[in-house]
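Participant: Before anything else, here's the structure in question.
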Amino acid sequence: MTSDEKTIKSTRIYSGRIIDVDLDEVELAEGNIRKREIVHHNGGAAILFIREGEVALAEQYRYAYKKVLIEIPAGKIEKGEEPKACAIRELEEETGYVADDAKLYLTIYPTPGYTDEIIYVYLVENAKFKSQKLDSGEYLNIKFMKITDVLRMIESGEICDSKSICALYKYANEHNLRL
């Protein structure tokens, strides 16, 4: 299968603080011309933080969905920042826990149809509490829950966040945790 697409023209149609949007004209393998709208994003880092058999979850209002979502802690990678450094920084900012290290656990392409965003999920199982350092205007509650209870919340539709679902199902599968 030949699926390469050759970029003929790329036009930046929006440049923002978090995303940039390009309108590209591409030539398909058979010669047809199509347009592609691409959202460029620095990516994010998320943390699957397990403490004494429980996972850290953040309850946070998400404007785009107009409701509070339950997610594993995460944040945007700053320009020039390494994903692992972002994960460790976000862990401390959101939960107050400091980790010396984090293991890359999972890489997610959340919506490959229109964005180049990559979310790097790190596993942290050893961290010490220091103090929470939320960003200005950031409001969230952190709670620790048993994985089996979180799996029930996924099954019931209470947790809909894709990065959290992927990370939690992988962890549950690796540790033979079932509902």
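Participant: Probe radius 1.4 Å, ligands and nucleic acids ignored: give me the carbon and sulfur share of the accessible area of the chain as a rounded percent.
Facilitator: Looking at the chain in its full context, I get 49 percent from C and S.
Participant: If r is the Cβ-Cβ distance from L179 to Y114 and R0 is 35 Å, what FRET efficiency results, to the nearest 0.05?
Facilitator: 0.55
Participant: Could you size up the charge dipole of segment 2-161 around its Cα centre, putting +1 on the beta carbon of Lys and Arg and -1 on that of Asp and Glu, and report it in debye to the nearest 20?
Facilitator: The calculation lands at about 320 debye.
Participant: Would you mind finding the longest exposed-site-free stretch of the chain, with exposed trypsin sites (Lys or Arg not before Pro) meaning DSSP loop and at most 13 other Cβ atoms within 10 Å?
Facilitator: Between exposed loop sites, the widest span is 80-129.
Participant: Between V26 and K6, what is the label-point separation in nm under the 7 Å Cα-to-beta-carbon projection?
Facilitator: Label-label distance for K6 and V26, simple model: 1.4 nm.
Participant: Let me ask something additional. Binned at 5 Å from 0, what are the whole-percent values of the Cα-Cα distance distribution for segment 71-114, short to long?
Facilitator: All Cα pairs, binned at 5 Å, distribute as 5, 19, 27, 26, 15, 5, 2, 1 percent.
Participant: Further, regarding this structure: Remind me, relative contact order of segment 68-120 in percent, using alpha carbon pairs under 8 angstrom and six or more residues apart?
Facilitator: Computed value for segment 68-120: 23 percent relative contact order.
Participant: Please list E54, E78, E93, E30 in order of solvent-accessible area, largest first, computed with a 1.4 Å probe with all protein chains present.
Facilitator: Largest accessible area first, the residues go E30, E78, E54, E93.
Participant: With all protein chains present, calculate the accessible area of C160 using a 1.4 Å probe and round the result to the nearest 10 Å².
Facilitator: Solvent-accessible area, nearest 10 Å²: 80 Å².
Participant: With all protein chains present, calculate the accessible area of E71 using a 1.4 Å probe and round the result to the nearest 10 Å².
Facilitator: About 10 Å², rounded to the nearest 10.
Participant: Still on this structure, I have one more. Of the residues T107, T11, T115, which exhibits the maximal mean-square fluctuation in a Gaussian network model of the chain defined by a 10 Å Cα contact cut-off?
Facilitator: For the chain, modelled as a Gaussian network with Cα springs under 10 Å, the answer is T11.
Participant: For K130 and V39 in the same chain, what is the full-extension length gain: residue separation times 0.36 nm, less their Cα-Cα distance, in nm?
Facilitator: Answer, rounded to one decimal: 29.1 nm.
Participant: Hey, another quick one. When N counts the residues of segment 19-124, how does its alpha-carbon radius of gyration compare numerically with 2.2 N^0.38 Å, as a ratio?
Facilitator: 1.31
Participant: When the convex hull of the C-alpha atoms of segment 84-179 is computed, what volume per residue in Å³ does it have?
Facilitator: Normalising the Cα hull of segment 84-179 by residue number yields 133 Å³.
Participant: Once the piece of chain linking K84 and L106 is laid out straight, how much longer is it, given 0.36 nm per residue of separation minus the C-alpha distance between them?
Facilitator: Full-extension gain reported as 6.7 nm.
Participant: On to the next question. Only helical DSSP H runs with n ≥ 4 go in: add -39500 (n - 2.57) per run for the chain, normalise by residue count and round the 222 nm mean residue ellipticity to 500 deg cm²/dmol.
Facilitator: Calculated mean residue ellipticity at 222 nm is -6000 deg cm²/dmol.
Participant: Right, next: From zero outward in steps of 10 Å, how is the percent of C-alpha pairs of segment 1-43 spread across the bins?
Facilitator: 29, 42, 24, 5
Participant: What relative contact order, as a whole-number percentage, does the chain give when Cα pairs under 8 Å and 6 or more residues apart are counted?
Facilitator: RCO, the chain: 21 percent.
Participant: Compute the Kirkwood hydrodynamic radius of the chain, taking the inverse of the mean of 1/r over all pairs of distinct Cα atoms, and give it in Å to one decimal.
Facilitator: 17.9 Å
The values are calculated or read from the model by the stated rules, or taken from the named source; none is laboratory data. This structure is a prediction, so every number in the text was calculated from the model and none was measured. Virtual Cβ from ideal backbone geometry, glycine too; neighbours counted across all protein chains shown. With ligands, DNA and RNA removed, areas are computed over all heavy atoms of the protein, side chains included. Shrake-Rupley method; radii C 1.70, N 1.55, O 1.52, S 1.80 Å.
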